[in-house]
Amino acid sequence: GYIKGFDRVIDELPRDFDLSIIVDTASATLLERALTPGNLAQLQAHPNIVIDHHTTEGTIPSDHLAVTDAKKVATGELIYDMAKANDWPLNPQACENLANRK
């Protein structure tokens, strides 16, 4: 597998959720398969956060909070900095996944 826990990733939005978090892209083009009409309606009906390090302008068709920093080399670095700034605990598995190392 890609990273530990990857086997739990699904390609469908759940029917009931409070918030979505989109990482490493703000481009609707890269989410084309996920943004079906039904999924898009679900996404637009809930708050969502986009966390990204790319310089491209966001095109995800919904109101969202964007956390971006093009100075970061990876979105994992941005998430790590957010966790440290907010005193969020990071267990060893989270650190490994953020660094994407085995």
>> For the condition open to solvent by 70 Å² or more (accessible area, probe 1.4 Å) and among the hydroxyl-bearing types (S, T, Y), what is the one hit in T75, T36, T68?
In response: T68
> What pairs can you find where one residue is in region 39-58 and more than 16 Å from L13 (Cα to Cα), the other is open to solvent by 40 Å² or more (accessible area, probe 1.4 Å) and acidic (D, E), and their Cβ atoms are less than 8 Å apart, with a gap of 6+ or different chains?
Replying inline: I51/D24; D52/D24; H53/D24; H53/D69; H53/E77; H54/D24
> What number of residues within region 3-35 are polar (S, T, N, Q) and assigned to a loop (DSSP other than H, G, I, E, B)?
Replying inline: 2
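Residues being open to solvent by 50 Å² or more (accessible area, probe 1.4 Å) and not hydroxyl-bearing (S, T, Y): count how many of those fall in region 39-57.
Looking only at region 39-57, we keep the residues that are open to solvent by 50 Å² or more (accessible area, probe 1.4 Å), and these are 41, 44-45, 47, 54-57.
Right, trim to not hydroxyl-bearing (S, T, Y) and you get 41, 44-45, 47, 54, 57.
The qualifying residues number 6.
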> What are the residue pairs meeting all of these: first residue in region 77-97, first residue farther than 18 Å from I51 by Cα, second residue of a type in the set (D, E, K, R), Cβ atoms under 7 Å, and 6 or more apart or on different chains?
Replying inline: Q93/K4
> Which condition number does S20 fail, the rest of (1) open to solvent by 40 Å² or more (accessible area, probe 1.4 Å); (2) in contact (Cβ under 8 Å) with a residue 12 or more places away in the chain being met?
Replying inline: (1)
> Of the residues in region 78-102, how many are in a loop (DSSP other than H, G, I, E, B) and surrounded by 15 or more Cβ atoms within 10 Å (Cβ to Cβ)?
Replying inline: 0
> Residues in region 1-17 that are of a type in the set (G, A, S) and either modelled with pLDDT of 85 or more or open to solvent by 50 Å² or more (accessible area, probe 1.4 Å) (or both): how many?
Replying inline: 1
> Which number in (1) without any contact (Cβ under 8 Å) to a residue 24 or more places away in the chain; (2) more than 22 Å from G5 (Cα to Cα); (3) loosely packed, with under 15 Cβ neighbours inside 10 Å; (4) small (G, A, S) marks the one condition that S62 misses?
Replying inline: (3)
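The values are calculated or read from the model by the stated rules, or taken from the named source; none is laboratory data. Since the structure is predicted, the reported quantities are computational estimates derived from the model, not experimental observations. Note that we place each Cβ from the backbone using ideal geometry, even for glycine, and neighbour counts take in every protein chain shown. Heads up: the accessible areas ignore ligands, DNA and RNA and are worked out on the full protein's heavy atoms, side chains in. Shrake-Rupley method; radii C 1.70, N 1.55, O 1.52, S 1.80 Å.
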